[in-house]
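First up is the structure itself, then whatever we jot down about it.
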Amino acid sequence: MNNTVHHSDEFVAGHIPNAINVPNKSIGTAEIPELPDKDQLIMVYCRSGRRSKEASEKLIKLGYTNIVEFGGIMDWKGETVTE
């Protein structure tokens, strides 16, 4: 299962199909209900790449083991959807 972390306004404007929105600012020390499996593949991105790096580091500190941070949605060559 692929999950991604993304900012809410940007998420509505365009995101990878089947992505979920877990804003960087909401990631702290508590468990993340949307991401219960700490070994699942989690693809992390934002608009430009700055927040995705921060979010990836936070997720690793929370014990997630399969994080792929690929920068910004602007770099994504695949399909996107809007809400």
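Can you work out the accessible area per residue across the chain, with the rest of the protein chains kept in place, probe 1.4 Å, in square angstrom?
Values: 4910 Å² over 83 residues.
For the chain, the solvent-accessible area averages 59 Å² per residue.
Within the chain, list the trypsin sites (Lys or Arg not before Pro) lying in a DSSP loop whose Cβ has at most 16 other Cβ atoms in a 10 Å radius.
Details: sites: 25, 38, 47, 50, 51, 53, 58, 61, 77; in loops: 38, 47, 77.
Those that pass, being in a loop and sparsely packed, are 38, 77.
Quick one: what Rg and Dmax do you get for the chain from the alpha carbons, in Å?
That works out to 11.6, 33 Å for Rg and Dmax.
Per residue of the range 26-38, what does 6.51 cos²θ - 1.76 cosθ + 1.60 with θ = phi - 60° give for ³J(HN,Hα)? Whole Hz please, x for Gly and Pro, Karplus curve as stated.
Each residue of the range 26-38 in turn: 8, 8, x, 9, 7, 4, 9, x, 6, 10, x, 9, 6 Hz.
Considering only protein heavy atoms and a probe of 1.4 Å, how much of the accessible area of the chain is carbon and sulfur, as a whole percent?
Summing carbon and sulfur atoms, their accessible area is 52 percent of the total for the chain.
Report the relative contact order of the chain, percent, no decimals, based on alpha-carbon pairs under 8 angstrom and at least 6 residues apart. If you can, show how the numbers build up before the last one.
Values: 151 pairs, mean separation 30.7, N = 83.
37 percent.
The values are calculated or read from the model by the stated rules, or taken from the named source; none is laboratory data. These numbers were taken from a predicted model, which means no experiment stands behind them. When we count neighbours, we look across all protein chains shown, and the Cβ atoms used for this are built from the backbone with ideal geometry, even at glycine. Keep in mind that these areas ignore ligands, DNA and RNA; they rest on the heavy atoms of the full protein, side chains included. Shrake-Rupley method; radii C 1.70, N 1.55, O 1.52, S 1.80 Å.
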